Structures are given as structure tokens and as C-alpha cells.
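The values are calculated or read from the model by the stated rules, or taken from the named source; none is laboratory data. Quick caveat: nothing in here was measured; it's all calculated off a predicted structure. Cβ placement follows ideal geometry from the backbone for every residue including glycine, while neighbour counts extend to all protein chains displayed.
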Amino acid sequence: MRQPEDDFIDVAPLKGCDRMNKFLSKRSIFVVLILLAALLLGVYIQTRPRLARGQEPLTDIQSIETLRAQFNKDVGKTRLIMLVSPT
């Protein structure tokens, strides 16, 4: 009569087993390092400053009076007015 132990193969004596374990561990380390680098890059992109030092953020001007006041305040500086349409 067959015993259940007869269905299993003893893999310890196989020659390539150690090499396969080393490959899997190197591959696992590589994958973890790639994931860690991607995580750090994502954190850097989310936390970096959005504006250069000294640069004022863009403003959404709702009235012509606000535009006129801002424009007249910056006499002697280069001024840029952008009119952007959503369509």
C-alpha cells in the first residue's frame, strides 16, 4: 500500500535550490528598493515648494477695479496680463 509520504519529493539534495533562493532574495530586495524609491519620489513631489522664492502666487481677479489697482501698484516692473478662456 502507498503511503502519503511517497507523493512528496525531497528537494534538499537539488543543486540549483540554493541559487534559486539567492535569486529570489535578490529580486525581492530589488523590488522593495524600487517601491521605496517610488514612494520617496512621490513624497518629494507632493511636499516640494510650488513657487520660486520671492515669487507671488497667481491670482484670480474677479473685477476690473482689482486688476487696475494691481496694475497701477507695480509701476516700473514688468507686468503680464493673461486672459484665458476655458473653451
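Within the range 58-69, residues that are at pLDDT 90 or above reach no partner that is not in a loop (DSSP other than H, G, I, E, B) with beta carbons closer than 9 Å at six or more positions or on different chains.
With respect to the conditions (1) modelled with pLDDT under 80; (2) over 30 Å from Lys77 (Cα atoms), Ala52 lacks only one, and its number is (2).
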